[in-house]
1. Just subtract the alpha-carbon distance of C:ILE9 and C:GLU106 from 0.36 nm times their residue separation and send over the number in nm, one decimal.
2. Which ordering of C:PHE262, C:PHE350 is given by a fewest-first count of other beta-carbon atoms within 10 Å?
3. With the calculation restricted to Cα positions, what are the radius of gyration and Dmax of the range C:47-163 in angstrom?
4. Select from the range B:143-233 those chymotrypsin sites (Phe, Trp or Tyr not before Pro) which occupy a DSSP coil region and have at most 16 other Cβ atoms within 10 Å, ordered by residue number.
5. Please state the relative contact order of chain C as a whole percent: Cα pairs under 8 Å, 6+ residues apart?
6. Working out 0.36 nm times the residue gap between A:SER59 and A:GLN257, then minus their Cα-Cα distance, what length gain in nm do you get to one decimal?
7. So how compact is chain A: Cα radius of gyration and Dmax in angstrom?
8. Would you mind getting me the FRET efficiency between B:GLN117 and B:ARG9? Use the beta-carbon distance for r and R0 = 30 Å, nearest 0.05.
Amino acid sequence: MNKISVDIQNISKSYKDVKALKDISLQINQGELFGLIGPDGAGKTSLIRILTTLLIPDSGIATVEGYDVVKDYKEIRKITGYMAGRFSLYQDLTVEENMNFYATVFGTTIEENYDLVKDIYSHIEPFKKRRAGKLSGGMKQKLALSCALIHRPDILILDEPTTGVDAVSRKEFWEMLMRLKDHSITILVSTPYMDEAELCDRVALIQDGIILSVDTPGNITGNYEGKLLAVRAEDLYQLKKDLAGYEHTLSVYLFGQNLHLTMMEKNSEKDLRSYLKTKGHGELRIDQINPNIEDCFLDLMAGKERNP
Amino acid sequence: MNKETAVIRVRDLVKKFGKFTANDKLCFDVYEGEIFGFLGANGAGKTTALRILCGLSLPTSGEISVAGLDLYSNRERIKKRIGYMSQKFSLYEDLKVYENIRLYAGIYGLSRKEIKQRTDELLETLELEAVRNKRIAELPLGWRQKLAFSVAIIHRPRIVFLDEPTGGVDPITRRQFWDMIYQASRDGITVFVTTHYMDEAEYCDRVCIMEAGRIDAIGTPTELMEEYKAENMDEVFIRIAR
Amino acid sequence: MKRFRGFVIKEFNHILRDFRTLLILFGLPAIQLLIFGYVVSNELKDIHIAIFDQSRDRITRDIANKIISSEYFIFDGYLDNTHEIDEKFREGKIKQVIIFEPGFGENLMREKSADIQLIADASDANTANLVVSYTSAIIQDYMMDLRKNAGAKMQIIPEIRMMYNENMAGAYMFVPGVMALILMIVSALMTSITITREKETGTMETLLVSPLKPIQIVIGKVTPYIILSFFNAVTIVAMGYFVFGLPVQGSLSLLLLECLLFISVALSLGIFISTIVETQQMAMFFSMMILMLPTILLSGFIFPVENMPEVLQWVSHIVPAKYFIIIVKSIMLKGTGMAFVWKETLVLVFMMLFFIGNSVRRFKIRLE
């Protein structure tokens, strides 16, 4: 049922002595909103640049809509909408001029594909005479997305579109991406924000050039092994120290005003409570919770470090 | 935290670049020993305000004191009492780890004996003794960030300013970094930190949310979440903006 | 074609909105105007001269009177010997000494020919030129009258000597040099900067991931600069002609064609630089180092190539401006045609092909 849009087979890429991508394989289905989630330096941008034909992999094969990223780069460039890390807008051109320019580059006009970009472009159209450099981060992001969509691409590739943008614009941006799915465009988006993973159809968690896991967000959190506890007390910092020193602790991480704790199997909550009581913690609360993507990422990372 | 002593006092801080107002009448206090978070998107004016407080740029107007000193007349003395770490990372990549530490310690006038002692201490705490003689360029991003922070407080300043210290860092390193921030705060150093990760806001004692050059809200994370009936800081932010 | 037009329009927008670019594009010719205005003037007034008359006959007196009574000169007296000539020049007050040979009048009458020597202080080359040509004109004038009256064929041969600056490096020589420099800066520096700017801001990345071919990107980017550079070249020539009366002795269309060729060489060099460097700063540095300095120092613009050490003479062979200056001098000042500049023209054509070829070969269709 699922037709494959992007097929990545055993891709590796190094810069001098730094291995950016280590033997990565990955498939993205047509019409899917796919997230590439990982911190800076994980290899997101390298992978995206290989798919957008800007870099050549050292080894491995990758195809986009059946075209080889090395051999058929010209074909890929025709069907790809790409929004680079820094939005790549012409700051000294107006909103409208940027749009017109990218439209002519792809041999089309704003009018021709207006229905596709309308949902996004209408937000910034009132400012079409304003120079791109004078827009807020959120508006720049919308303009860059409109420019990337203007030629009705089959696949949209976005490199960290939400980095440094305010929370409201981030939210709006994701809502736009969801609506774009109705136009059956395949969307690949990279982000360092773990919480954005839950908005994707499927995600790949990437760290140090290795893919930790590829699945739907639900399956990733569902596959989390072991019990996760949220623990909080008056003195969070002391609590963390005490939990780190607790003999049954497997991992303990700070999450907002809670600590997320995993323990060796045998131990029970009751023992934990009494241990913390002896340490003199007041206002103690322990709840069992469902893990989120960040919990899974931390778990997978720690797992990699334990058995590399 | 000592609510009596304000180590940073800002009244009606205004900073303009030509016609553009980057900071519009900011007013706030930062208390001794607290972790004070400065939140907002890129371009909200966080970095501008932080640079003024560090003495890196002059405000257009406003009454400001840092570490008990008036900003206008004591910029040089203030610099000795504060530490600073920028998002564009302040260590020299082509120098070795211990050379960087020695350099910064020397800049802040530590004696030779103190430099040696604190370098050893620092490397031990960070478990970086093994890479003492490696160049910064060879270290992973997360290690560098932690080292940069330790170097920023090597002269035991009263306040340390951190500008987006965790941007793009992996989740484990981010948490280790926050452990270090907590430790510094326990040791009596006031921490002034800017970030756009809203979950990090919850690690702060108090936060201040900026948007378009103005302060929209200020308080402890719990207070703000109650006030805006939100479950986390992300929601607080969205409620404020809308 | 529509893509190309869109690209050019965008590029013009960049140029028109960037104050610094505009300043370089149009400020430079204005600065040049000032330089011209300072060194070039075609008005001659109150020039001090002296006369060394070794004949002292009626004709020499007539000629002297005619010269002295013209509005251009102030007569500082007769000299008595050749030593005084040097002295007077060294004092710096007089700009010209006129020397009549002994027995001038007699020679003219008997042998129908006499010698007169005009020595000018050429440290100000432009003035010296004018002084000498005005004086010659007055003498010619006198001869015409004399011939009419005497009805005989007679001639006075003025022998001209320039003191202090034998090869006349002056304002006239300055024009081709400045022209070469301006076209080089505008074309090469600006193109290399405009391309590297797109690399720096990341927009090049987006252009690469589009169906545009590299050649389309490059041509789209340089077209506005060809137009603007050509406009500058025309302005310089026109300004020289209309404002300062610097004539174009040879074919104007040939001159403009050669300008276009030189602009193309400079543009292809600019593109070539942009394929080597990644940042605007590096582009600027490269342009300064490998384009501007040699254009000023090694092209014969200021220092004659023949007087350079041999090594530098060799280096000067690869400076495009050298050939352009030779071409412009020939066409503008000597009035020669293609027959005399074909070799230099050919060299420039080869240079252009070389740089374009290498740029196309080096232009990256990817990011590495």
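1. Working: separation 97, 0.36 × 97 = 34.92 nm, distance 7.52 nm.
Length gained, C:ILE9 through C:GLU106: 27.4 nm.
2. Fewest-to-most Cβ neighbours within 10 Å comes out as C:PHE350, C:PHE262.
3. Rg then Dmax for the range C:47-163, in Å: 13.7, 43.
4. Numbers: sites: B:TRP143, B:PHE149, B:PHE161, B:PHE177, B:TRP178, B:TYR182, B:PHE192, B:TYR197, B:TYR203, B:TYR228; in loops: B:TYR197, B:TYR203, B:TYR228.
In loop regions of the range B:143-233 (DSSP not H, G, I, E or B), the sparsely surrounded chymotrypsin sites (Phe, Trp or Tyr not before Pro) are B:TYR228.
5. Values: 506 pairs, mean separation 61.9, N = 368.
Relative contact order here is 17 percent.
6. Numbers: separation 198, 0.36 × 198 = 71.28 nm, distance 4.48 nm.
That pair, A:SER59 and A:GLN257, stretches by 66.8 nm at full extension.
7. Values for chain A (Cα only, Rg and Dmax): 22.5, 73 Å.
8. Computed FRET efficiency for B:GLN117 and B:ARG9 comes out at 0.30.
Quick note: the coordinates plus some simple rules give every number you see, no bench work behind them. Being a predicted model, the structure only gives us computed values, none of them experimental. Reconstructed Cβ throughout: ideal geometry from the backbone, glycine too, with neighbour counts over all protein chains shown.
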